[in-house]
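This report concerns only the one structure given below.
The values are calculated or read from the model by the stated rules, or taken from the named source; none is laboratory data. Given the structure is predicted, the values throughout are model-derived calculations rather than measurements. Cβ placement follows ideal geometry from the backbone for every residue including glycine, while neighbour counts extend to all protein chains displayed. Surface accessibility is based on the protein's heavy atoms, side chains included, excluding ligands, DNA and RNA. Shrake-Rupley method; radii C 1.70, N 1.55, O 1.52, S 1.80 Å.
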Amino acid sequence: MDHAADVPDVFDPRIYAAGIPHERYRLLRERHPVARQAEPEIQGWPAGPGFWAVTRHADVVRVLRDHRTYSSWLGATQIRDPDPADLPFLRRTMLNQDPPEHGRLRRLVSRAFTPARVEAFAGRVRERARALLAAARQDAEDGAVDLVRAVTDEYALLNLTDLLGIPAADRALLLEWTVRIIGYQDPDDAPAPLLGPDGTPLNPRSPALLGEMFAYARELAEHKRTHPGDDVLTALAGAGLDPAELEMFFFLLTVAGNDTVRSAAPGGLLALAGAPDAYRRLAQGSVPFDRAVDELLRVHPPVLSFRRTAAVDTELAGRSIRAGDKVVVFHASANHDERVFTDPGRLDLARTPNPHVSFGDGPHVCLGAHFARLQLRILYEEWCAAMPVPELAGPPRRLVSNFINGITRLPVRVSGRPG
């Protein structure tokens, strides 16, 4: 274990409530690109054995691409170790599998999640963006609204449920499940955790706490088999998945699919509020929106970290890693690596090339990246067409999490002429 005084902590989820710890990441990249991190007990969550924090872009990409050395299956993909009794259950989802098993499931869902199906929803996505932004302007108090509650939460959730084919009456359930599962480290964002017999919090991803979601997934799949539609769940219901695989796909798509845009959309608008000149260039058509979306994803990746487990003894950036060690990549650090990105602290909406890792890399690169980019592009296009230059009306509130780069409140002025 490193004991050097200049190895900053990047584990404590409370750090991230103040923003991405860029200075800590910079110190790690410069002096300790693969650094030991302690896992103390925090907010009732038990202590762990520690892990290796990987912060340089090249090393992050290497870990994400080399599934034989750095496994998703051995210990799943969260920093905290799961209960050993839950691990077989967690391994049912392709997020926690390695090739070749991962590839079989990914191919099945890829057939349902086609670019053509996604593009067919573009018109509906644009109508929703316009309606939510117009309503935000109309409902503003003193010219300001909380964009998370007024626009981005609804936008992400409703777009995803349209694509999946979830009935309108059931959509609030998805947001409730997402908040419970994603926001569990934040005492203000998630409901109070359920406690196990030993008094410690139960992991919200454990099978004991996902029964309601899984029962819903089975019921909805059966409905889709007799009432098919042109949606992803209809395709999955007929894809030959066993019940456990179908349940885990539903879990992955509803939670990960919702929270990607739910995190990225307000993060991008917050970045634009801090760079009004860059925003004006975008609104005036001087920068392509597709390129701007990637730069906004670079500076505000929806996911902060992902864990792998070393399958064999290996070496990374000069550090000896033993089989069984936890290896955690930090996306926001890789996205600000000076070795790859010129002046990484500057928002350059025209940046090219832009090899950010906000959607991962390797076999687990985000399956819904195309849908996420489409939603973000349309939201920013509609904002530029109808809304003023983004300006904060109060301090944002960030999610207490070392996993999701979430924003839970974003007060922004919405009155005034389009900028």
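Only residues that are touching a residue at least 60 places away in the same chain (Cβ under 8 Å), closer than 30 Å to Pro388 by Cβ, open to solvent by 40 Å² or more (accessible area, probe 1.4 Å) and part of a helix (DSSP H, G or I): list them for region 248-293, please. Scanning region 248-293 gives Pro276, Arg280, Arg281, Phe289, Asp290, Arg291. For region 161-173, check the following and say yes or no: at least one residue is open to solvent by 10 Å² or more (accessible area, probe 1.4 Å) and polar (S, T, N, Q). Scanning region 161-173, I find no residue that is open to solvent by 10 Å² or more (accessible area, probe 1.4 Å) and polar (S, T, N, Q), so the answer is no. Can you say whether Pro197 is over 25 Å from Phe359 (Cβ atoms) and modelled with pLDDT under 80, as far as the supplied structure shows? Yes.
Of Ser415, Ser401, which residue is polar (S, T, N, Q), more than 23 Å from Ala332 (Cα to Cα) and either part of a loop (DSSP other than H, G, I, E, B) or open to solvent by less than 10 Å² (accessible area, probe 1.4 Å) (or both)? Of Ser415, Ser401, the one residue that is polar (S, T, N, Q), more than 23 Å from Ala332 (Cα to Cα) and either part of a loop (DSSP other than H, G, I, E, B) or open to solvent by less than 10 Å² (accessible area, probe 1.4 Å) (or both) is Ser415. Contact list please: Cβ distance under 8 Å, first residue in region 236-247 and over 13 Å from Ala112 (Cβ atoms) and modelled with pLDDT of 85 or more, second residue charged (D, E, K, R) and not in a loop (DSSP other than H, G, I, E, B), pairs at least six apart or on different chains. So the pair list comes out as Pro243/Arg218; Glu247/Arg218. Restricting to region 82-110, and then to whatever is in contact with a Gly (Cβ under 8 Å, 6 or more places away or on another chain) and part of a helix (DSSP H, G or I), can you tell me which residue is farthest from Asp231 (Cα to Cα)? Here the residue is Leu87.
Quick check: is even one residue across region 169-187 modelled with pLDDT of 85 or more and either over 28 Å from Ala129 (Cα atoms) or not in a loop (DSSP other than H, G, I, E, B) (or both)? Yes: region 169-187 contains one or more residues that are modelled with pLDDT of 85 or more and either over 28 Å from Ala129 (Cα atoms) or not in a loop (DSSP other than H, G, I, E, B) (or both). Residues that are open to solvent by 40 Å² or more (accessible area, probe 1.4 Å) and of a type outside the set (Gly, Ala, Ser) within region 382-398 comprise Glu391, Leu392, Pro395, Pro396, Arg397, Arg398, listed in sequence order. Against the conditions (1) surrounded by 23 or more Cβ atoms within 10 Å (Cβ to Cβ); (2) in a loop (DSSP other than H, G, I, E, B), Glu338 satisfies every one except (1). Evaluation of Ile79 against the conditions (1) aliphatic (A, V, I, L, M); (2) free of Cβ contacts under 8 Å to residues at least 60 places away in the same chain; (3) not in a helix (DSSP H, G or I) shows that the sole unmet condition is (2). Would you check if Arg373 is in a helix (DSSP H, G or I), open to solvent by 40 Å² or more (accessible area, probe 1.4 Å) and touching a residue at least 24 places away in the same chain (Cβ under 8 Å)? Yes: the conditions hold for Arg373.
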